[in-house]
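What follows is calculated from the coordinates using simple rules that are stated; it is not laboratory data. Nothing here was measured: the structure is a model prediction, and the numbers come from that model. Ideal geometry is used to build each Cβ from the backbone, glycine not excepted, and the neighbour counts take in all protein chains shown.
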Amino acid sequence: MIQGSGRCHYHPERAGLGVCVECRRVICRECTTQFEGINRCAACLAGRLKTLEGPGERKEWTVGNAVLAVLGMGVVWAGLLLLATGMS
Ligand SMILES: [Zn+2]
Ligand SMILES: [Zn+2]
């Protein structure tokens, strides 16, 4: 039998009352957090809240976005150069 099973993952001296739905760790009453009606351990709740803070719309710039921006700038500059050479 695995040592610690039936005991809180964070408090080995306490009896586990529930299981975190995310990390499947046994957690005691004190570690159990109810959020959105789902049992989570404190660590997973913190992670869940962190993901909720960012709406997801304002994502950090990825390499792909940066490349697209540079390409877009290149197209604009090429157009300007064509206009300039066409005028002279
Ligand atoms: Zn968890
Ligand atoms: Zn605990």
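Restricting region 13-32 to residues that are buried (at least 19 other Cβ atoms within 10 Å of the Cβ) and part of a strand (DSSP E or B), which is nearest to ligand 1 (Cβ to nearest atom)? By that ranking, first place goes to 27. Can you find even one residue in region 45-66 that is away from ligand 1 (no atom under 16 Å from the Cβ) and on the phi > 0 side of the Ramachandran plot? Among the residues of region 45-66, at least one is away from ligand 1 (no atom under 16 Å from the Cβ) and on the phi > 0 side of the Ramachandran plot, which makes the answer yes.
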